[in-house]
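Take a look at the structure set out below.
The values are calculated or read from the model by the stated rules, or taken from the named source; none is laboratory data. Keep in mind that what you see is a predicted model, and the values were worked out from it rather than measured. Glycine also receives a Cβ, built like all others from the backbone with ideal geometry; neighbour counts cover every protein chain displayed.
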Amino acid sequence: MAISRRHFLKGLAASSAAALIGQSLLVRTAQAAVSAEGTWRMAGSHWGAVKALVKGGVVADIKPFEKDKYPTDMINGIKGLIYNPSRIRYPMARLDWLKNRQHSDRKQRGDNRFVRLTWDEALDLFHEELERVQTTYGPSGLYAGATGWRQTGQFHSCGSHMQRAVNLHGNFVSKVGDYSTGAGQVILPYVLGSTEVYDQGTSWPLILENTKTLVLWANDPYKNLQVGWNCETHEAYAYLEQLKARVAAGDIKVISIDPVQTKTQGYLGCEQLYINPQSDVAFMLALAHTLYSEQLHDDTFLNTYTLGFEPFIAYVMGKGDDKIEKTPEWATPICGIDSDQIREFARLLAADRTQLIFGWAIQRQQHGEQPYWAGAVLAAMLGQIGLPGGGISYAHHYSSIGVPATNASTPGGFPRNLDPGKVPVHNNTDFKGASRIIPVARWIDCILEPGGKLQYNGSEVTYPDIKMSIFSGCNPWHHHQDHNRMKRAFYELETVVTIDYSWNATCRFSDLVLPACTQFERNDIDVYGSYAKRGVLAMHQLVDPLFHSRSDFDIFTDLCRRYGRHNEYTQNKDEFQWLKELYDDCRKANEGKYEMPEFEQFWKDGYVDFGPGENWVRHASFREDPEVNAVGTPSGFIEISSRKIGSYGYDDCQQHPIWMEKTERSHGGPGSDKYPLWLQSVHPDKRLHSQMCESDEYRATYAVQGREPVYLSPADAKARGISDGDVVRVFNDRGQLLAGAVVSDHFPTGVIRIQEGAWYGPTDASIGALDTYGDPNTLTLDVGTSRLAQAPSANTCLVEIEVFDGPVPPVTSFGGPRLVD
Ligand code: PGD
Ligand code: PGD
Ligand code: 6MO
């Protein structure tokens, strides 16, 4: 049995990208005339709308789209995303699974030994497994619910392709919620009547004009606005630039409440209010205490627009069940902020127009519902909700929210669901008493405890007995917490199928892997400017699909062919017919509002621009008339206390926001005597999660000795004999990883950072194996935020760190599988 990975990698390094891909076929775009100088074509990505120089069938250069005045550095990683040794070249099957299928040795999952297949073999196997699982276990045996950050492009959005195709065969277990805002999107509809996290926010020009104090609460927009859900044009950065000037002129006070000195704080040159990690609710309760004690709260607003202030303030003033008064002196030992400073800060908030802007990491921790609820209560006490430049926002760091938006209609996408009236081949709806939908971050619990019960948002979930999982457009072996626990769960799965373009850890832990092409190897259309809806972009195919990869549309058309549903799947339309139809529908919807040329002209021009957007104030209509424009809470008012939540009887999410201690908390909290360092796994500056980690040259611009950086304070480094650039071991009882130390005075004592999305690369398949590159989810805690939202709690995590002693193992994350002949 010859293992030929070395040979495979050597061959790759020796050959140029052009030679590898071979002669490109004529790409079907209006600009396909190829000259010696190459052709510039329009393309798009989460990192920005771009133009690409295609020369000799290869992407030779990338530059920003002219409408993007603040392009990200990340577009320099795009070429490496297309051409790298981790690209999946062929359909592949795990060695032992191919031999023994559902009886395979599942403990071998992760050893990365794979066998090459033809497309026909692979799709036959995929179909056979769907048949076997549907006929043996029924729909409760199949999980195809996971979704994630699929590449941009409305048509090729890969999760929709996978789910439509699989659903044409049979029903399956699906999910509710997401990893981004799991707690926020469940709690805020009870409090403010909407998820808030995915809603448009007050426009930046109005904030710049009216706000006097702007609080960035656990929020790093300068870092996180680099990527957007659609093709970004980064207009929010123009407003951040103006904000910087206002800060320098002393017109607006910006304060970043964060344990870490953020990129935004450095850029704006604004103040930081240091806070101990995971302690914000204690601080907020003390702020409420000061506002109330000093009569700085807005009684009229509370009486007119809110319900349930009394039980909350009784709790704050020591008249609740716990009889503890939440004074600043009470909060100081928890949050690390001096009591006088707490009082001063409360006074500052009440002094003039104040805009609170929260990020999302703070709700990605145990009891993550509470800081969002308490934040809304503070904003209600300040009485500025619905005023321009006042009140609260939970989303100004995301996808151009706050950039004045147009009212244009934007193109729809490929349908995720079956067409009306259609049913699957196996239309079995018997989930054997189990739930059809599970909270997304609890899928590992579900696999480990089939039949188990879970409280979720006022209802009871019964876990189905999942035997087969399908992943497309998501990378659970980056996104889910506690990889060693995940290994145990994967022993229970008979079959795992993954469709991706890069050989990441999810492929390594799969049985059947199908190579999709990247967005640069197919044609598509998308919105540019994300929430600002600034225009429609033509995403021209730049090169042919590399190696044996195919578009998700082609892959799933051929899968459906195996059960006779391909015509239903495609609706008898090819890629270009779909693009034209999506464009034409959008054009029709914009008739009389925005002028759009015929499709052919649009495709040639590369884009159609809708012009400038309009200013808007969040919650303004509610403020204007709370009866007519009631918010979507049960009462129609802002709910400071929620009878509905109270009626669920959850001790970890009660009828109003409260302070609750965490299972693990640094700075003197539980567990900190054994593992004193808080690990925050925030979103990466130079990646989108795990996407772009495979871009070798680009990764080299930030990796330390080939490992993911771990940032730590000079004091913590000194105490452990760690120098900048050392390879270190980061560990706790859940796992261990290697990373490269970056000693930085932006980090306080007791706080370290490893950015999420680093590719997991264990030394072997065993539980507890050392991760050689530095995926923080090797160490994170896998518990739900509370019975209400059951969202992920990745930022509740304590660790220790030491210099790595002994020979350093090579990084195993990149370069594909070990190919077995
Ligand atoms: P990505 O790395 O974007 O992460 O988790 P998610 O799984 O979405 O994964 C997308 C995958 O889809 C990549 O492997 C990519 O190659 C593949 N892909 C992209 N386009 C296509 C396509 O067209 N076709 C196919 N077949 N595949 C494609 C993100 C999730 O991680 C999120 S949103 C959040 S907010 C969470 N954040 C954290 C966190 O803060 N801290 C920790 N510790 N963990 C987190 N996990 C969560
Ligand atoms: P993070 O970067 O994880 O961003 O947006 P989110 O707001 O979740 O964290 C923001 C800040 O929260 C950090 O500065 C961190 O120190 C602080 N923080 C963490 N815990 C605490 C705490 O307990 N208290 C306080 N006060 N502060 C705390 C994520 C969003 O970003 C999402 S969900 C996605 S899917 C996108 N992902 C990316 C990405 O992967 N890469 C980039 N460059 N940009 C993104 N934008 C989006
Ligand atoms: Mo997210």
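The table below lists the values:
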| item | result |
| --- | --- |
| Pair list, Cβ < 8 Å and 6+ apart or interchain, from the range 435-451 residues that are at positive phi to residues that are of a type in the set (A, V, I, L, M) and outside any strand (DSSP E or B) | Gly451/Ala434 |
| Pairs with Cβ under 6 Å, 6+ apart, first in the range 86-102 and assigned to a loop (DSSP other than H, G, I, E, B), second of a type in the set (D, E, K, R) | Ser86/Glu694; Tyr90/Arg116 |
| Exclusive hit being more than 16 Å from ligand 1 (Cβ to nearest atom) and within 24 Å of the chain's Cα centre (by Cα), set Gly368, Gly386, Gly390, Gly375 | Gly375 |
| Test for Val751: is it more than 28 Å from Ser502 (Cβ to Cβ) and under 24 Å from the mean Cα position of the chain (by Cα) | yes |
| Count of residues meeting criterion [more than 13 Å from ligand 2 (Cβ to nearest atom), surrounded by fewer than 24 Cβ atoms within 10 Å (Cβ to Cβ) and at negative phi] in the range 178-194 | 3 |
| Candidate set from the range 662-700 (those that are closer than 21 Å to Trp503 by Cα and polar (S, T, N, Q)); member that is surrounded by the fewest Cβ atoms within 10 Å (Cβ to Cβ) | Ser695 |
| Count of residues meeting criterion [touching a strand residue (DSSP E or B) at 6+ places or on another chain (Cβ under 6 Å) and near ligand 2 (Cβ under 9 Å from one of its atoms)] in the range 249-260 | 3 |
| Answer residue from the range 297-312, given it is touching a residue at least 24 places away in the same chain (Cβ under 8 Å) and of a type in the set (S, T, N, Q) and is farthest from Ser635 (Cα to Cα) among those | Thr300 |
| Inter-residue pairs, beta-carbon under 9 Å, first farther than 14 Å from Tyr372 by Cβ and within 11 Å of ligand 2 (Cβ to nearest atom) and in the range 277-288, second at pLDDT below 95 and not in a helix (DSSP H, G or I), 6+ apart | none |
| Of the criteria (1) of a type outside the set (A, V, I, L, M); (2) buried (at least 22 other Cβ atoms within 10 Å of the Cβ); (3) closer than 18 Å to Met317 by Cα, which one Phe358 fails | (3) |
| Elements of type helices (runs of 4 or more DSSP H) in the range 290-335, at least 1 residues being under 30 Å from Asp625 (Cβ atoms) | 299-305, 309-316 |
| All strands (runs of 3 or more DSSP E) inside the range 676-794 with 1 or more residues being in contact with a Lys or Arg (Cβ under 7 Å, 6 or more places away or on another chain), more than 16 Å from ligand 3 (Cβ to nearest atom) and under 29 Å from Met74 (Cβ atoms) | 709-712, 727-732, 735-743 |
| Residue match in the range 692-706 (condition: away from ligand 1 (no atom under 16 Å from the Cβ), farther than 30 Å from His46 by Cα and over 23 Å from the mean Cα position of the chain (by Cα)) | no |
| Any pair with Cβ under 9 angstrom, 6 or more apart, that starts in the range 169-184 at a residue that is outside any loop (DSSP other than H, G, I, E, B) and ends at one that is modelled with pLDDT under 95 and away from ligand 2 (no atom under 13 Å from the Cβ) | Val173/Gly145; Ser174/Gly145; Lys175/Gly145; Lys175/Ala146; Val176/Gly145 |
| Residue satisfying all of: in the range 222-240; crowded, with 23+ Cβ neighbours inside 10 Å and within 13 Å of ligand 3 (Cβ to nearest atom); farthest from Lys51 (Cα to Cα) among these | Asn224 |
| Residue match in the range 649-657 (condition: within 16 Å of ligand 3 (Cβ to nearest atom), of a type outside the set (Asp, Glu) and in contact with a Ser or Thr (Cβ under 8 Å, 6 or more places away or on another chain)) | no |
| Selected residue (criterion: surrounded by the most Cβ atoms within 10 Å (Cβ to Cβ)) from residues of the range 100-124 that are touching a strand residue (DSSP E or B) at 6+ places or on another chain (Cβ under 9 Å) and charged (D, E, K, R) | Arg109 |
| In the range 289-331, residue nearest to His619 (Cα to Cα) [restricted to those that are touching a Ser or Thr at 6+ places or on another chain (Cβ under 7 Å) and surrounded by 19 or more Cβ atoms within 10 Å (Cβ to Cβ)] | Gly308 |
| Selection within the range 712-744 - surrounded by fewer than 24 Cβ atoms within 10 Å (Cβ to Cβ) and touching a residue at least 60 places away in the same chain (Cβ under 8 Å) | Asp716, Arg720, Gly721, Ile722, Asp726, Val727, Arg729, Phe731, Asn732, Arg734 |
| Scan of the range 166-193 for residues that are within 12 Å of ligand 1 (Cβ to nearest atom) and either touching a strand residue (DSSP E or B) at 6+ places or on another chain (Cβ under 6 Å) or under 23 Å from Gly564 (Cα atoms) (or both), ordered by number | Gly177 |
| Pairs with Cβ under 6 Å, 6+ apart, first in the range 144-162 and within 16 Å of ligand 2 (Cβ to nearest atom) and in a loop (DSSP other than H, G, I, E, B), second at pLDDT 95 or above and basic (Lys, Arg) | Ser157/Arg150 |
| Residues within the range 362-385 that are part of a loop (DSSP other than H, G, I, E, B) and closer than 22 Å to Asp298 by Cα, tallied | 3 |
| Count of residues meeting criterion [under 19 Å from Lys244 (Cβ atoms), near ligand 2 (Cβ under 9 Å from one of its atoms) and assigned to a loop (DSSP other than H, G, I, E, B)] in the range 262-275 | 1 |
